Amino acid sequence: MVTPSQLELLAPLSGVVLALDDVPDPVFSSRLMGDGVCIDPTSQMLCAPLAGVVSNLQHTGHALSITHDSGVQVLLHIGLDTVNLQGKGFIAQVEEGQRVEAGQPLIEFDADYLALHARSLLTLMLVISGEGFQALAHGKAHIQTGQPLLHVQVHAGKGDGATGHEDSPVLHSQAVLLPNPNGLHARPAGVLAQAAKGFAARVQLHRQHDSANAKSLVAIMALQTAYADSVYLSAAGPDAEAALRELSELLSQGCGEEVEHVVLAPDPDPVAHDEVSDGLRGVCASTGSAFGYVVQVAQSALEVDEHACEAQREHAALQHALARAADELQGLRDNASNPAQRDIFRAHQQLLQDPSLLEHAAELINAGKSAAFAWRNATEATSALFKGLGSPLLAERALDLEDVGLRVLKRILGVDDRALALPDQAILVAEQLTPSQTAGLDTRKVVGFVTVGGGATSHVAILARALGIPALCGVSPQVRALASGLPVLLDADAGQLHVQPDVGQVERLGAQRALREDRQQRDLQLASLAACTLDGHPVDITANIASRAEAEHAMTLGAHGVGLLRSEFLYLDRSRAPSHDEQVATYCEIARAVGTEHPLVVRTLDVGGDKPLAYVPMASELNPFLGMRGIRLCLERPQLLRDQLRAILACAGLTQLHILLPMVTHLSELRVARQMLQEEAQRLGLSALPKLGIMIEVPAAALMADLFAPEVDFFSIGTNDLTQYTLAMDRDHPRLARQADSLHPAVLRLIAHTVRAAHAHGKWVGVCGALASEPLAVPVLLGLGVDELSVSVPLIPAIKARVREVQFTACKALADKVLALESAEHVRATLQPQSLVLEH
């Protein structure tokens, strides 16, 4: 009979009941993770033994925990060593955070598959919250799913023993890279939690922006850690130092599992240092180099109360925080030194006004939640959605949302941003930096930064370039184990971080930096000169832009016009499409800045798939890069394209207007778009059409360039996407970015094929992708016959100078040579400028 102080747990499976002593795993049999029972199953559906909330569901599907309203927590673990199956053989029937009833199906598993691939099918039901229990079925007894199995003693007012240290200073450990192949799953998490309970201090385990009570098995498992994740501990209390020391050692040793260590340790052997530094590679987010000292950066967790009594007061608190955040962002915009910075913080201001975020937060406040809890929930849910869509661009926008969310949350909580105490020559190392953190860096002390996350197209990368400091992103998590104060040499141009470099390395890089700075000054002084090779071959150097300010800046730096206006800047980061008048005004402003003597190439809307618009409903796509993008989306929604063409045509008399169509794959797409352009021009009474071209960014278009050439006025090659699609590699993938090199011979052959086809029909070819902005690539692009290079605005003087240093005849010979090579590495090794420059 169940008494009021008891909770009845049902059998989650049918099978034979065994005592934990019979489990061939010392962590379980020693009851280190909790006491309970084991079942050798004869059924294949794990069911809930009690009602409650699924407080943790492991991503591998082999284990979950349920928390009852009384606080009783039960862990269910299917099989032994099943975490190694990485989800194969398991089908979850519930989601984390879902409320379940006793007897409800939780996880279906393939017993035959598990029997062949795991150590054992033995399934454990453990009371991990520590309550005592009475077993109703003993060893060797047969039991059916849903039959009573345990009576658990329920105690009111249980705590975790971590209170009473609110006024104690919080200490932090060094970062540890988890050596566990599957992260802190049930077994190592239980070992850590049990060890942490041996200390009086309050101990938290931190991973990126998340944290967990280190004395709670469920909380540790809920962090969903993985191999090589960077984690650290914080502790407050009388034995905090001892707790950090012993628990950090336990984490580094694998918490009882046999592991291979990934922790990076300083090595006095210079050869070993070079090997280590060679392993710390990343993607260049901002060019340059710097010598300095590591400063590890971690975001402190903010404590948020979930419930509130007065909804009206919470609504007011949120509105006040939003207003303060908007004012701060306006200040950042006003003090920004370039258009890129201003555009980023304008986008952040727009996020503060996003109706879906505000409605989400308002609903939670009306339901009794605090303003802080409601706002954090709204931003985290949207950020998780962005990250889960498989788009690198949306993942970057998720970082912007997290940045804005944290700014507002701090204002609600009354937490002031404190400047990080920095030594001179600081090189920041972080899991990720936010745009706000980056914009606020003290460049008198910060000489560079390195992050594990992020990409070369992120707002953080853009800000780093604006600040003129070198930066690497996508670096191995090993970098988070470097001790603060360790000397390092950041060579962003080479994509490397050298640990404890020798004096010779530092001196060589310093000399190169000085030469580069002198070169930049000289190029700027000569920026107005034409881009013409030493033997008289002219090349047009134009600009890639996304605003009027960039257009104006480009023309002052000697640009021969605009080779790519990314028109989507008008459409992104807003809840409704820009009006006709707004579009016309913007295009006309840019056209006037370019003038009538130079071309303005406007690319039509390149969104969809990886760059969705909030006001254009689209189905979710498994692979956005292969989905509804560019011209495909616009032809499916023709009014969107017609509206844009009509607005672009309004500036036809102000400049040499060209229109560029993105992501064209079929001739039929070009023909339909041309017909629409002709119809809109007729409606406006225009006697002459602007030049019409297509982007060559899909291999199919490059291979069929001979068929496209008679029907276009020009080609513009987008090397970023052309490389991605040709090599089947995401350029923003941290482990593939270095291989996704546009100087790969396969990409260069497609460029060569496109140029030959265009020139055969008297059409010109430009390159507007990142390869055009790379000085090393200029000779080979010229040698392939490219007529125009459209480059990043700040690099216009450098690219023009590079053209003036080479001989066209030598470039053609070089191009013929590299087309026969086998890899991008061989191409880069061959592109030696000294073989192309005449002594003068």
Take the cross-link list 140/197; 140/215; 197/410; 215/410; 763/817; 763/812 and give me the ones stretching past 29 Å between alpha-carbons.
140/197; 140/215; 197/410
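At a threshold of 8 angstrom on Cα-Cα distance, excluding pairs fewer than six apart, so keeping six or more, what relative contact order does the stretch 171-252 reach in percent?
Working: 163 pairs, mean separation 37.1, N = 82.
It rounds to 45 percent for the stretch 171-252.
Do any GluC sites (Glu not before Pro) in the stretch 507-587 lie in a DSSP loop with no more than 12 other beta carbon atoms within 10 Å, and if so, which? Don't jump to the answer; show the numbers that get you there.
Details: sites: 507, 517, 550, 552, 568, 582; in loops: none.
Qualifying residues, ordered by number: none.
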Charges at C-beta only: +1 for Lys and Arg, -1 for Asp and Glu. How large is the resulting dipole of the chain about its Cα centre, in Debye rounded to 20?
1820 debye
How about residue 88: which aspartates and glutamates have a C-alpha closer than 18 Å to its C-alpha, ignoring those fewer than 8 places off in the same chain?
108, 110, 112
For the chain, percent of DSSP beta bridges that are antiparallel (nearest 5) comes out at 65 percent
Rounded to the nearest 500, what is the 222 nm mean residue ellipticity of the chain from helices alone, with -39500 (n - 2.57) per DSSP H run of 4+ residues and division by all residues?
-11000 deg cm²/dmol
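Which GluC sites (Glu not before Pro) in the stretch 82-159 pass both tests, a DSSP loop state and at most 10 other beta-carbon atoms within 10 Å? Present the calculation step by step, with values, prior to reporting the outcome.
On the way: sites: 95, 96, 101, 108, 131; in loops: 95, 96, 101, 131.
Here the sparse-neighbourhood loop sites are 95, 101.
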Here the Kirkwood hydrodynamic radius of the chain, Cα-based and in Å, equals 30.1 Å
Using alpha-carbon coordinates, inclination of helix 186-196 to the longest axis of the chain, degrees
70 degrees
Stretchable slack from residue 96 to residue 518, in nm (0.36 nm times residue separation minus alpha-carbon distance):
146.1 nm
In nm, to one decimal, how far is the residue 22 label point from the residue 592 one, both placed 7 Å along Cα→Cβ?
8.7 nm
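Please report Rg over Rh for the stretch 311-413, where both radii come from the alpha carbon positions and Rh follows the Kirkwood definition.
0.99
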If r is the Cβ-Cβ distance from residue 502 to residue 134 and R0 is 51 Å, what FRET efficiency results, to the nearest 0.05?
0.15
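Rounded to the nearest 20 Debye, what is the dipole magnitude of the stretch 526-835 about its Cα centre when Lys and Arg each give +1 and Asp and Glu each give -1 at the C-beta?
In debye, rounded to 20, the stretch 526-835 gives about 80.
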Compute the angle between helix 503-525 and the longest alpha-carbon principal axis of the chain, please, reported from 0 to 90 degrees and rounded to the nearest 10.
40 degrees
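Would you mind working out the magnitude of the charge dipole of the stretch 6-153 relative to its Cα centre, with +1 at each Lys and Arg C-beta and -1 at each Asp and Glu C-beta, to the nearest 20 Debye?
Values: 5 positive and 15 negative charges, 17 e Å.
Rounded to the nearest 20 debye, it is 80 debye.
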For the stretch 469-609, what relative contact order do you get, as a whole percent, if you take Cα pairs closer than 8 Å and at least 6 residues apart?
17 percent
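Give the longest segment of the chain that steers clear of chymotrypsin sites (Phe, Trp or Tyr not before Pro) in DSSP loops with at most 15 neighbouring Cβ atoms within 10 Å, not counting the sites themselves. Provide the component values of the computation, followed by the final result.
Working: sites that count: 227, 615.
Result, exposed sites excluded: 228-614.
Just need the relative contact order of the chain here, percent rounded to a whole number, with Cα pairs under 8 Å and 6+ apart. If you can, show how the numbers build up before the last one.
Values: 1754 pairs, mean separation 75.5, N = 840.
Relative contact order of the chain: 9 percent.
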Roughly speaking, what is the stretch gain from residue 249 to residue 334, that is 0.36 nm per residue apart minus the C-alpha to C-alpha distance, in nm to one decimal?
25.8 nm
For the chain, the longest principal axis of the Cα atoms and the Cα long axis of helix 240-252 enclose an angle in degrees, to the nearest 10, of 70 degrees
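Bear in mind these aren't lab numbers, they're just calculated from the coordinates by the rules spelled out. What you see is a predicted model; the values in this text were computed from it and never measured. Here the Cβ is made from the backbone with ideal geometry for all residues, glycine too, and neighbour counts use every protein chain on show.
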